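Only one structure is covered here, and it is reproduced in the block below.
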Amino acid sequence: MPELPEVEVTRRGFADTIFGATIVAVHMGKPLRWPLGIAPGQLAGRRVGHVRRRGKYLLVDLDEGLLLIHLGMSGSLRFGTGLPPRGMHDHFEMETSQGTLRLHDPRRFGAVVWAANEQAPEVRARLSGLGMEPLSADFDFAAFYAGLRVSRQAVKQWLLAGKVVVGVGNIYASEVLFLAGILPTTCANAIGVQRAKRLHAAIQEVLAQAIERGGSSLRDFSGADGSAGHFQLETKVYGREGLPCHKCSTPVRLLRQGQRSSYYCPRCQKT
Ligand SMILES: [Zn+2]
């Protein structure tokens, strides 16, 4: 599933090149998770502005309205000129004067939704419950710590919930907690201020690194491959059950929390 770093890398892959383009035509394939909310023909002639990101949503500003894009479970976007003909899994395509933006989504949990503005209910319903952006100046430590203090959830679940800070998906949660030295089962409100500071810093470090690596592995974003959905990560603990911890050589362990896998080092991470 594309996580925040993949979505951010996707955004960087086309934000500059699509800026200022005029929409020529929009083609829809099979239904996606949510309807487009406008007749595709009505988008022709509109100009594309900035491409922003909030959580795992991309917001493509138009001179009239905006498009909210979510990659769902298996979606990936490409933008370029001379793309091959649309395939059976290409369910949204926006031809512009500067290239074609195409959503490839075999499982169709992704969506492209038009809204008149950001206050429109179809945007607010999806963005209003999101926590702070971890890589923005808004990622305030006091608010982060206050959010931890009032939760009785295991810290791993608390991170996944995304109510206080977005973007820490399942893989990143294991990596972040390893870096912060905190066991995934630790109760959120049992984390003291010093450890909370380490956790706050670890979230930024892990996500920033993932974006950096993803960015370098996706130089061909607009080229022949263009698949931006998933990129290989060099993980410290995730997916490494039984392999030696990079810090202390103790075998990494796996546990299940709410049906999800949590990987951790029993020696480097404490309750
Ligand atoms: Zn260790």
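Whenever a residue of segment 235-260 is on the phi > 0 side of the Ramachandran plot and of a type outside the set (Ser, Thr, Tyr), its partners that are within 15 Å of the ligand (Cβ to nearest atom) and at pLDDT 95 or above, lying with C-beta atoms within less than 8 angstrom and at least six residues away or across chains, give the pairs 239/263; 242/251; 242/252. The test for being away from the ligand (no atom under 14 Å from the Cβ), surrounded by fewer than 19 Cβ atoms within 10 Å (Cβ to Cβ) and either modelled with pLDDT of 95 or more or farther than 25 Å from residue 130 by Cα (or both) does not hold for residue 196. The single condition among (1) crowded, with 20+ Cβ neighbours inside 10 Å; (2) part of a loop (DSSP other than H, G, I, E, B); (3) at pLDDT 95 or above that residue 202 does not meet is (2). Within segment 132-157, the residues that satisfy the criterion of being farther than 17 Å from residue 186 by Cβ, assigned to a loop (DSSP other than H, G, I, E, B) and not aromatic (Phe, Trp, Tyr) are 133, 134, 135, 136, 137, 138, 140. Within the bounds of segment 206-213, is there any residue that is within 22 Å of residue 110 (Cα to Cα), surrounded by fewer than 23 Cβ atoms within 10 Å (Cβ to Cβ) and at pLDDT below 95? Within segment 206-213 (the criterion being within 22 Å of residue 110 (Cα to Cα), surrounded by fewer than 23 Cβ atoms within 10 Å (Cβ to Cβ) and at pLDDT below 95), the answer is yes, since at least one residue qualifies. Look at (1) within 21 Å of residue 8 (Cα to Cα); (2) aliphatic (A, V, I, L, M); (3) in contact with a helix residue (DSSP H, G or I) (Cβ under 7 Å, 6 or more places away or on another chain) and you find that residue 69 fails only one, number (3).
Yes/no matrix, rows are residues, columns are (1) on the phi > 0 side of the Ramachandran plot; (2) at pLDDT 95 or above; (3) more than 21 Å from the chain's Cα centre (by Cα); (4) in a strand (DSSP E or B):
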{"residue": "25", "(1), (2), (3), (4)": "no, yes, yes, yes"}
{"residue": "30", "(1), (2), (3), (4)": "no, no, yes, no"}
{"residue": "41", "(1), (2), (3), (4)": "no, yes, yes, no"}
{"residue": "45", "(1), (2), (3), (4)": "yes, yes, yes, no"}
{"residue": "53", "(1), (2), (3), (4)": "no, yes, no, yes"}
{"residue": "60", "(1), (2), (3), (4)": "no, yes, no, yes"}
{"residue": "68", "(1), (2), (3), (4)": "no, yes, no, yes"}
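Every listed requirement among (1) in a loop (DSSP other than H, G, I, E, B); (2) surrounded by 15 or more Cβ atoms within 10 Å (Cβ to Cβ); (3) away from the ligand (no atom under 13 Å from the Cβ) is met by residue 241 save one, (2).
Per the conditions (1) modelled with pLDDT of 95 or more; (2) outside any helix (DSSP H, G or I), the sole criterion not satisfied by residue 129 is (1). Only one of these is modelled with pLDDT under 95, closer than 30 Å to residue 161 by Cα and touching a Lys or Arg at 6+ places or on another chain (Cβ under 7 Å): 12, 78. Name it. After ruling out the rest, the residue left standing is 78. Screening 128, 97 for residues that are without any contact (Cβ under 8 Å) to a residue 12 or more places away in the chain and not aliphatic (A, V, I, L, M) leaves exactly one candidate, 128.
The values are calculated or read from the model by the stated rules, or taken from the named source; none is laboratory data. Only a predicted model underlies this, so the values are computations on that prediction, with no experimental measurement involved. Note: ideal-geometry Cβ built from the backbone for every residue, glycine included; neighbour counts use all protein chains shown.
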